[in-house]
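To keep things clear, I will list the structure first and then write my remarks on it.
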Amino acid sequence: MIEKAALSDYHELLSFENRVFHVPFLRKVPKLYRDPAVCTESHRIVKENGKIVAAIAAWPGELQTPDGTLHAVGIGSVAVDPGCRGKGYMRDMMLCCDEIAKAQNADVGYLSGYRQRYDHYGYVPGGVRHTFEVSDYFVARHKSAKRYRFLPFRKDPGALPDLLSLHSAQDYRWARDDFFLIASSWYCHGWTVRDEAGAVAGYLINERWRREIGELVLGEGVCAADVLVSFARDRHLRSLRVTLTAGQIGLQRELLQFAEHPTMEAPAMFKIFNFSHTIETLGAWKAQHCALPEGSLVLDIDGEKLRVTVKDNCCTAAPTADKADLTLTKEAATMALTSPFAAPTANALFNAWAPLCPLSIPHVDSV
């Protein structure tokens, strides 16, 4: 009963999602709904008597690192008409998205939503992102060495090549085919950071609540404190809350020098489809940035045995028939590998590595 949405379904699909969620999806997630072809290509729907009664979006994405690319599928806009609930449509659509992920050779799936709603389908809270409070005391008293100007992306289109260069220079980043459009998702606003000479010094993405900075990327040598204080004063904000991904180790260290209340939170729910590639790609990234103890152990993940080895700043995960050192379900393995919030395992070496595959996703890249 599940079918791929056709172009002729576009307006009905958009109206259906708006009605079920009581939000304007064209404004909320323009990367998914602005282009009818993109929207319908990403959606699977269920119809009764020719009318859409259920829908789900499966959005392809890529997490890029110097050691490889993780292919992902973002699940979103999961909607069932209130009058048609209890018929198993959500279950069928989630299973359909698993098939889409496998057909696309996806390594990982991710979504936002209640844990009790999606853990039935193998999705568990995972990953990590870091938040920092820039206090009103600091904003009022910090003596900036430099001041910066902030131009909305829509008024500074000429900055796009520099912004793309800054984004691409990160060694842990989500691919963006339309930078400005993605930056406007979830009611966010992008700002070019320019120095006093007019040169692009970085960018930030301001979330729906003005004091929330969901993404901050700066050029080499640019002082984060100066930029943040300049932004707060420019926008008449007393304080700021800044979110950084797991990959922004340099900025994390910088904000720890002056920010208050550093915290960690799980950014999404994840489901790993390809444990070997996920471990090798993100494990290699972590091994090059953190002092991971060298060693080798065999993981049994629901019957799939992998020998995981950390050596010479590399991480490998190869199939093996050797006896397992640690046995985990797929859900437990996903949490233990990707998140600092998982309970310690019975293996000391694994606990020293964990999280070996730190997943992180900026808000605007969510679905």
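Read-outs throughout are calculated quantities, based only on the coordinates presented, and are distinct from any laboratory measurement. Quantities reported herein were computed from a predicted structural model and do not represent experimental measurements. Neighbour counts run over all protein chains shown; Cβ positions are idealised from the backbone, glycine included.
Before moving on, here are some points about what is shown:
- So Phe153, is it in contact with an Asp or Glu (Cβ under 9 Å, 6 or more places away or on another chain) and closer than 21 Å to Glu207 by Cα: no
- The sole residue among Ala169, Ala224 that is of a type in the set (A, V, I, L, M, F, W, C) and surrounded by fewer than 18 Cβ atoms within 10 Å (Cβ to Cβ) is Ala169.
- Pairing residues of region 115-134 that are without any contact (Cβ under 8 Å) to a residue 24 or more places away in the chain and surrounded by fewer than 17 Cβ atoms within 10 Å (Cβ to Cβ) with residues that are assigned to a strand (DSSP E or B) and of a type outside the set (A, V, I, L, M), at Cβ distances under 8 Å and at least 6 apart in sequence or on separate chains, gives no pairs at all.
- The residue that is farthest from the chain's Cα centre (by Cα), counting only those in region 336-367 that are part of a loop (DSSP other than H, G, I, E, B) and among the aliphatic types (A, V, I, L, M), is Ala346.
- Some residue of region 25-37 being free of Cβ contacts under 8 Å to residues at least 12 places away in the same chain and closer than 30 Å to Gly247 by Cβ: yes
- In region 320-335, the qualifying residues are those that are assigned to a helix (DSSP H, G or I) and of a type in the set (A, V, I, L, M, F, W, C), and the one that is surrounded by the fewest Cβ atoms within 10 Å (Cβ to Cβ) is Ala332.
- Test: residue in region 99-111 that is out of contact with any strand residue (DSSP E or B) (no Cβ under 7 Å at 6 or more places or on another chain), outside any strand (DSSP E or B) and without any contact (Cβ under 8 Å) to a residue 24 or more places away in the chain: yes
- The set of residues from region 51-71 being under 14 Å from Cys357 (Cα atoms) and among the β-branched types (Val, Ile, Thr) comprises Thr65, Thr69.
- Annotation: of all residues in region 339-362 being over 22 Å from Phe273 (Cα atoms) and touching a residue at least 40 places away in the same chain (Cβ under 8 Å), the one that is surrounded by the fewest Cβ atoms within 10 Å (Cβ to Cβ) is Ala352.
- Looking across region 61-80, not a single residue is surrounded by fewer than 17 Cβ atoms within 10 Å (Cβ to Cβ) and in contact with a Gly (Cβ under 7 Å, 6 or more places away or on another chain).
- Qualifying residue in region 231-246 (condition: assigned to a strand (DSSP E or B) and without any contact (Cβ under 8 Å) to a residue 40 or more places away in the chain): no
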